[in-house]
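No lab work stands behind these numbers, since they all come straight from the coordinates. Model, not experiment: these values are computed from the prediction. As a convention, Cβ positions derive from the backbone with ideal geometry for all residues, glycine included, and neighbour counts pool all protein chains shown.
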Amino acid sequence: MIVAEKKPLEAIARMLEGSGRVLAVGCGTCVTVCFSGGSKEVATLAASLRMKRSIEDRPLAVVEAMVQRQCEWEYLEPLAEQMKNVDAVLSLGCGVGVQTLAERFPTMRILPALNTLFMGLPSAQGVWEERCQGCGSCVLDKTGGICPVSRCAKQLFNGPCGGSQNGRCEVDEATPCAWHMIWERAEALGMSEDLMSIEPPKDWGTSRDGGMRRMVRNDLRLPEDQDKEGNE
Ligand code: SF4
Ligand code: SF4
């Protein structure tokens, strides 16, 4: 899932300084599961903002809304009517949700209530950890399902750096050494010999260093879109 956390209330209130009526929109997918942008969080944030502005004697009306998925235009259509009566939208979606709203409603101010952190999983009650950086060229087949890109602080591909102590990463003792785990997993799977061959330098051309990436599936595209591009 995409993991995000709520911005401090003061920061959100600052973004809404000039507003008198806002629409707070949650998202029913990743940010609901990580307890940052679901219906409960929308209600709590809306109540906090109303109370804050009421104490300051500058009332703020906050209309609450939920969509199943903020990162797809189709789900945003029901919001069009509600947007007619507000001067800003506060998104409790991830950064993709915020931008999808901004693209669909370009004349409306869309403001982020969350800080988007990473792609990860809940590793324990109340704890989320990063597991993938979307490098575009997955190597999990070679590393026993443990990602050296997101879990090794130095993004090493040929074994540990030498600073690993008792299975912990030298950069942060709270973090297990990814390569210690990779080795243990390989031994358990009887695949430790596979780790003896040298992995060539990774081609980072598929990662995000070259700017925004795009995935195109021509078999799924509309013929008119393909024609349009062909004529450009
Ligand atoms: S190797 Fe790349 S695609 Fe695979 S989990 Fe790690 S970051 Fe994600
Ligand atoms: S201690 Fe392990 S996880 Fe940390 S940087 Fe070195 S190899 Fe990577």
Comparing T107, T32, T116, which has the greatest mean-square fluctuation in the GNM of the chain with Cα pairs linked when under 10 Å apart? T107
Cross-link candidates for K228: which aspartates and glutamates have Cα within less than 19 Å, leaving aside residues fewer than 8 places away along the same chain? D219
Relative to the compact globular guide of 2.2 N^0.38 Å, what is the alpha carbon radius of gyration of segment 133-200, as a ratio? 1.04
Please pull out the direction-averaged projected area of the chain, using the convex hull of its alpha-carbon atoms, in nm² to one decimal place. 17.7 nm²
Which aspartates and glutamates, if any, have their Cα less than 15 Å from the Cα of K84, not counting same-chain residues under 8 positions apart? E64
Just to be sure I understand the model, the point goes 7 Å from the Cα along the line to the Cβ. What's the resulting N166 to V96 distance in nm? 4.0 nm
Tell me the angle of helix 95-104 to the major Cα principal axis of the chain, expressed in degrees between 0 and 90 and rounded to the nearest ten. 40 degrees
Students often forget the sequence filter, so: which lysines lie under 30 Å Cα-Cα from K154 once same-chain residues fewer than 8 apart are removed? K6, K7, K142, K202
Hey, what D do you get for segment 2-118 in µm²/s if you plug the Kirkwood alpha-carbon radius into Stokes-Einstein at 4 °C and 1.567 mPa s? 94 µm²/s
